[in-house]
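The structure under discussion appears below in the form of C-alpha cells.
The values are calculated or read from the model by the stated rules, or taken from the named source; none is laboratory data. What you see is a predicted model, and the numbers here were worked out from it, not measured in a lab. Using ideal geometry, Cβ is built from the backbone for each residue, glycine included, and neighbour counts are taken over all protein chains shown.
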Amino acid sequence: MSVTKTRRALVSVCIVNWNCREQLADCLRSLTARRQRVRVEVVVVDNASSDGAADMVGRDFPHVRLLRNPTNVGFARGCNQGADASRGRYLFFLNNDTRVPRGTLRELVRYHRAHPEIGLLGPKLRDARGRTQASVRRLPTVPALLHRLTLFRWTGLFRQAYRLYRGRCIPTTTTPAEVLMGAALLMTRRVYRTVGRWSEAYTFGGEDLDLCARVGRLYPIIYHPEVVITHLGRVSSRQHTGYAYTNTLVGVTKSLREAGASPVARAFYKVALTLDLPLAGMLLVCRYAWARLRGRAKQAERSRQELAGMAHFVRRGLGAFWGA
C-alpha cells in the first residue's frame, strides 16, 4: 500500500477501530492516494482489539500510522488521538466498516474548497445492499425520544415530534442539516480546533450529536449525497450488544443538554424511560417467542440481542443514565 507521506498530506483520515480486522483491511485498501486522487495520510487508532487487527495494520499497511490503546477509550477520544497524530489540512473521520469508492476524497475536498464556509460535510451512506442509510436528521428533542418509548408509541403521543426529528424522507440533493452520522465526516483542522474537538464525555453514541450541535452554532453543516460511501454499520456494536446499547442510550441522553433541552424535560425523559423498561422488556420477550415459533431465526436473534442489551443497561447502566 502506498500512502503519501504525512508532511505532504492534504487529507488526514482518522479511523477508530475495535475488533473489526477484516472490515478495517477492506477500508484501508480503498484509501490510497492513488485511488483517492488526493494527498492522503491514514491514522488508525486501535482500541485494544483482541482479533489481531492492530497487528494486521502494522504488518500489511506499514505506511498507515498506527496508535495502540491498551484499553478501549471510546470513539470520541480515539478520534481526538487520530487528529492529534495527523497533519492534514482536512480531517476525515471515518468508521472502520466503510468502503470508500475511487475519487471520493477528492470530490469531498473539491466541494469544500468551493464552499469554504462549511463546518461539517457528510456524504450519502449506503449499506452493503445499496440501500441509502438515514445519516442526516434533526437534533433530538425530549418529545421525539419519548415517542420511542413503548407506551407513548402505542398511544401515538409525540409522533409528530418524532417524525420531525427523523425527517420525512432522506434528501436526494445537497442540503443543510442539523446532524450528520459520525461514520464519515469531513472538516477542516481549523474548524476542529475552533469548536473544541470531540467531547470525551461520550464513550460510544451521542458524540456525533454533540459535535454537530457545537459546529452548527458557528458553521453550516452540509449533507452532500452526490458523493457516496458504503457503510456496513454496527459491525463492532454487534459484538458487545450490552456495551453498545448502554453507552448509546447514555450518550443520546447527554446530547439533550447540548441540544437545548431543559433540566425538567431531561428529568421527565429519564423517569419515563425507566418506568418503560419492564413493558419494553415484556414486549421483546413476546417478539422473541413469536419469532421462534414461526421459525424466523434472524428476527428472533435481533430480539434476543436487544433483550441482552436492555438487561446490561438495567444491571450496569442506570446510574450513568441518570447522571447524564
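Of all residues in the range 99-110, those that are crowded, with 22+ Cβ neighbours inside 10 Å and either within 11 Å of H231 (Cα to Cα) or in contact with a helix residue (DSSP H, G or I) (Cβ under 9 Å, 6 or more places away or on another chain) (or both) total 3. Among the residues making up the range 135-167, those that are in contact (Cβ under 8 Å) with a residue 40 or more places away in the chain and either within 19 Å of G205 (Cβ to Cβ) or in contact with a strand residue (DSSP E or B) (Cβ under 9 Å, 6 or more places away or on another chain) (or both) are S135, V136, R137, R138, L139, P140, T141, V142, L145, L146, L149.
Checked against (1) over 21 Å from T253 (Cβ atoms); (2) in a loop (DSSP other than H, G, I, E, B), G82 passes all but a single condition, namely (2).
Cβ-Cβ distances below 9 Å connect the following pairs, each with a first residue in the range 201-226 that is assigned by TED's automatic domain parsing to the domain that holds P101 and within 29 Å of T246 (Cβ to Cβ), a second residue that is among the charged types (D, E, K, R) and part of a loop (DSSP other than H, G, I, E, B), and a separation of six or more residues or different chains: E207/E200; L211/R197; C212/E178; A213/E178; G216/E178; I221/E178.
Every residue, every condition in (1) in the same structural domain as F75 (by TED's automatic domain parsing); (2) under 20 Å from D210 (Cα atoms); (3) not small (G, A, S), yes or no:
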position: G242; (1), (2), (3): no, no, no
position: Y245; (1), (2), (3): no, yes, yes
position: T248; (1), (2), (3): no, yes, yes
position: S255; (1), (2), (3): no, yes, no
position: L273; (1), (2), (3): no, no, yes
position: L279; (1), (2), (3): no, no, yes
position: R302; (1), (2), (3): no, no, yes
position: A308; (1), (2), (3): no, no, no
position: R315; (1), (2), (3): no, no, yes
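Answer yes or no as to whether D55 is in a helix (DSSP H, G or I), more than 22 Å from G182 (Cβ to Cβ) and not β-branched (V, I, T). Yes. If you go through the range 4-29 and pick out every residue that is assigned to a loop (DSSP other than H, G, I, E, B), surrounded by fewer than 24 Cβ atoms within 10 Å (Cβ to Cβ), modelled with pLDDT under 95 and in contact with a strand residue (DSSP E or B) (Cβ under 8 Å, 6 or more places away or on another chain), you end up with 3. The set of residues from the range 187-226 being acidic (D, E) and more than 15 Å from P176 (Cα to Cα) comprises E200, E207, D208, D210.
Checked against (1) within 19 Å of the chain's Cα centre (by Cα); (2) surrounded by fewer than 18 Cβ atoms within 10 Å (Cβ to Cβ), T174 passes all but a single condition, namely (1). When the range 38-55 is filtered for residues that are surrounded by 16 or more Cβ atoms within 10 Å (Cβ to Cβ) and either more than 20 Å from H240 (Cβ to Cβ) or of a type in the set (S, T, Y) (or both), the ones remaining, listed by number, are V38, R39, V40, E41, V42, V43, S49.
Can you find a residue in the range 161-177 that is within 17 Å of V42 (Cβ to Cβ), in a loop (DSSP other than H, G, I, E, B), assigned by TED's automatic domain parsing to the domain that holds R37 and small (G, A, S)? No, the range 161-177 contains no residue that is within 17 Å of V42 (Cβ to Cβ), in a loop (DSSP other than H, G, I, E, B), assigned by TED's automatic domain parsing to the domain that holds R37 and small (G, A, S). With respect to the conditions (1) exposed (fewer than 13 other Cβ atoms within 10 Å of the Cβ); (2) over 23 Å from the mean Cα position of the chain (by Cα), G323 falls short on a single one, namely (2).
Residue pairs whose Cβ atoms lie under 7 Å apart, separated by 6 or more positions or on different chains, with the first residue in the range 168-184 and within 21 Å of F92 (Cβ to Cβ) and the second assigned to a loop (DSSP other than H, G, I, E, B) and not charged (D, E, K, R), are P176/P220; E178/L139; V179/L139; L180/S135; M181/S135; A183/S135.
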